[in-house]
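The structure's right below; bear with me while I get my questions together.
The values are calculated or read from the model by the stated rules, or taken from the named source; none is laboratory data. Please read these numbers as outputs of a predicted model, since none were measured by experiment. Neighbour counts are summed over all protein chains in view; Cβ atoms, including those assigned to glycine, are modelled from backbone coordinates with ideal geometry.
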């Protein structure tokens, strides 16, 4: 059995086409499949469209969250309810083309647990591709896990991979990083990437920055390690500077004592201290969120 998990947000005009193409692609592989559409409470009537498709075909299932939790939380809701031996995760905007699932399935039959769709020619604007590349390189450095800008959520995963991901209880959910963390035998397949049919991406610069900060805090302690290195570097420079001025004073090179260097030193070190306290405070804030032990998402309705 194959399950397809698709988070849905502002996709009312294309849900019918999405489901139709998914059914055709799945039927070319197996008659035993399900399509799980998770409505992340967008501002349109996506849920009504999901219900219509559920009534038309019993293999289509709908899940409606109680509010907008975010794309990766909607994915988690779908994964928790998926019954398949293989699970496909993809976006709803049809840039991930349902017809490419056949390629993923063919590759996973070679014995892989994870087959990721590699977008060899992204149909996005230059600025978006550039920003995505910079974002993922920065993320790779700080998290310690390689993040590929050509690979997103689209892929096929074995049941044991999804079970491992669902067992991860941290409050910050980011599906690609979770896939990297659990391991297993993994490969990629080049797929065609389509133009966006409607609207634009819901991830603007502010949301990307917030997402990046959350991911770094959830999956890496490198910022804390960098503050230690910064502290050692500043201390070393201060010690060398101190020796320089002591030698200069002993040799009579300092005639007029001023306060400029003192003010600059105070401002510099104060800035370092505030920045370090801010980083520590962010980690403490995430710990505070985690110990509340709230659910990752809340389901309002289901349509099976």
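Please verify whether segment 173-184 includes one or more residues that are within 27 Å of residue 74 (Cβ to Cβ), in a loop (DSSP other than H, G, I, E, B), over 21 Å from the mean Cα position of the chain (by Cα) and at pLDDT 75 or above.
Checking segment 173-184: not a single residue is within 27 Å of residue 74 (Cβ to Cβ), in a loop (DSSP other than H, G, I, E, B), over 21 Å from the mean Cα position of the chain (by Cα) and at pLDDT 75 or above.
Then there is this: Just the residues that are free of Cβ contacts under 8 Å to residues at least 60 places away in the same chain, touching a strand residue (DSSP E or B) at 6+ places or on another chain (Cβ under 9 Å) and farther than 30 Å from residue 109 by Cβ, please, taken from segment 8-40.
Hits for segment 8-40 are 39, 40.
Further question on the same structure: Name the single residue that is nearest to the chain's Cα centre (by Cα) among those in segment 54-78 being part of a helix (DSSP H, G or I) and under 16 Å from residue 90 (Cβ atoms).
72
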